[in-house]
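Below: one structure, written as structure tokens.
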């Protein structure tokens, strides 16, 4: 495969990925073709080939594949939610620190 042009290598990688039931992604194509991912992005011809395969075949997700993707996103979502909670607590803490101390008013008693 070393005599093939980069375009031929990218097409071959896309075909292999699809035949194996994998998604056509820039990372996967780069690994399968032996071409750097950055090159796949920057080279307009290579990018258009990959985009064409992605558009033509789309993402054909089965229920199992969809469940796997959701499961893989859950830890990321949990980490993001924890980060948001920490930031919200930090904002509340900063707001409390900025507020002047409140002195309770004495109630007026009837004379």
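For the reader, a short list of remarks on this structure follows.
- Applying the criterion of being in contact with a helix residue (DSSP H, G or I) (Cβ under 8 Å, 6 or more places away or on another chain) and part of a helix (DSSP H, G or I) to the residues of segment 16-30, the residue that is surrounded by the fewest Cβ atoms within 10 Å (Cβ to Cβ) is 27.
- Which listed residue is part of a helix (DSSP H, G or I), loosely packed, with under 10 Cβ neighbours inside 10 Å and modelled with pLDDT under 95, from 52, 97: 97
The values are calculated or read from the model by the stated rules, or taken from the named source; none is laboratory data. Computed from a prediction, not measured in an experiment: that's the story for all the values here. Ideal geometry is used to build each Cβ from the backbone, glycine not excepted, and the neighbour counts take in all protein chains shown.
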